[in-house]
Each structure stands twice: as structure tokens, then as C-alpha cells.
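Participant: Got a structure here, written out as C-alpha cells. Questions coming.
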Amino acid sequence: MGDKKFKLKVDKAKCLGCATCTSIYPMHFTMGSDGKSQPTGNTLVSQEEADEIVKVCPVAAISYEEHKQG
């Protein structure tokens with residue numbers, strides 16, 4: 001159970017481009033050419049990590065879904 005991984009996502013329609021997520025979690029987010037945050041290739045995290053990461057976004061643009069392996 002504890003080995004489940006979750007994929008981080010950014011809702012570009014909600015993202016303000018404030019860069020809070022990229023400042024706190026640069027290993028998971030980068031700013032795109034559109035001025036909005038986007039997940040990096042390193043977006044698989046535990047549920048505990050995902051729960052903490054989504055809290056940093058002031059407009060709730062970050063979400064996650066279970067990563068299906070295989």
C-alpha cells in the first residue's frame with residue numbers, strides 16, 4: 001500500500017504563474033514559456049508528499065492522480 005506513487009498535475013486554467021510551487025519544489029515544477037507552472041519529469045511522489053505539495057498553491061491548481069504502472 002505504501003508503495004503507491006502519484007503523478008502531479010497543474011491546471012493551467014487556474015495557475016496564476018506565481019512560481020510558489022517552483023520555488024518550494026523545483027524538482028517537481030518548472031515555469032513554462034507561457035508563464036505557467038508545469039510538472040517536470042520527476043513528478044511521481046508518495047501520497048503524503050502529494051498532499052503537502054498541493055497545499056502550496058494559492059489557487060489550488062496542483063492536483064495528483066494515482067500512477068498506474070505497466
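Participant: Take the chain, mark every one of the trypsin sites (Lys or Arg not before Pro) that falls in a DSSP loop and has at most 15 other Cβ within 10 Å, then report the longest stretch left between them, sites excluded.
Facilitator: It runs 15-54.
Participant: So, one more: What are the residues whose amide H is under 5 Å from the amide H of T30, where those residues sit 5 or more places off or on another chain and H is modelled from the backbone?
Facilitator: The list, which skips near neighbours in sequence, is Q38, T40.
Participant: If you count only protein heavy atoms and use a 1.4 Å probe, how large is the accessible surface of S23, to the nearest 10 Å²?
Facilitator: 90 Å²
Participant: Could you work out [θ]222 nm for the chain from helices alone, using -39500 (n - 2.57) per DSSP H run of at least four and dividing by all its residues? Round to the nearest 500 deg cm²/dmol.
Facilitator: -4500 deg cm²/dmol
Participant: Taking every pair of alpha-carbon atoms in the chain, give the share separated by more than 17 Å as a whole percent.
Facilitator: 35 percent
Participant: Let me ask another. Given contacts defined as C-alpha pairs under 8 Å and at least six residues apart, what's the relative contact order of the chain, whole-number percent?
Facilitator: 46 percent
Participant: For D11 and K68, compute 0.36 nm times the residue count separating them, minus their Cα-Cα distance, and round to one decimal in nm.
Facilitator: 18.5 nm
Participant: Now, a different point. Kindly list the residues of region 19-42 that lie in the label zone of V56, defined by a backbone N under 16 Å from the point 7 Å along the Cα-to-C-beta vector.
Facilitator: 19-32, 36-42
The values are calculated or read from the model by the stated rules, or taken from the named source; none is laboratory data. Remember, it's a predicted structure, so these values are computed and weren't measured experimentally. A quick note on method: Cβ atoms are made from the backbone with ideal geometry, for glycine too, and the neighbour counts reach across all protein chains shown. Ligands, DNA and RNA are excluded from the accessible area calculation, which covers all protein heavy atoms including side chains. Shrake-Rupley method; radii C 1.70, N 1.55, O 1.52, S 1.80 Å.
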